[in-house]
């Protein structure tokens with residue numbers, strides 16, 4: 001009896017089910033996608049870690065804004081806002097030195 005082309009065995013769909021027990025299992029796109037999604041799901045769960053307590057407490061402290069140009073964070077980082085772009089003249093370095101001197105750092 002001739003085998004039809006639309007039967008599952010003609011396309012190899014159940015070749016893993018009919019293979020002997022010791023034979024290696026063929027790799028298919030479906031198995032690759034299933035394994036990849038399981039691995040990605042495990043990584044997503046593994047990287048969902050809570051924030052450290054010190055970082056969470058630091059986020060609740062208010063920022064100190066001295067004026068429109070200088071901002072001091074609770075962990076003593078200072079942000080200098082400049083309305084113009086730095087074009088290589090050393091403006092950013094000079095302003096950082098001026099602010100450090102004024103804040104007596």
- Computed label-point distance, nm, for sites residue 34 and residue 104 using a 7 Å Cα→Cβ extension: 7.1 nm
- Message: Need the full-extension length gain, residue 93 to residue 67, defined as separation in residues times 0.36 nm minus the C-alpha distance. One decimal, nm.
- Response: 7.4 nm
- Overall dimensions of the range 62-102 by Cα: Rg and Dmax, Å: 11.0, 34
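Taken together, the values in this text are just the output of simple stated rules run on the coordinates, not laboratory data. Note that the structure is a prediction, hence the values are computed from the model and not measured. Methodologically, a virtual Cβ is constructed for each residue, glycine included, from the backbone with ideal geometry; neighbour enumeration extends over all protein chains shown.
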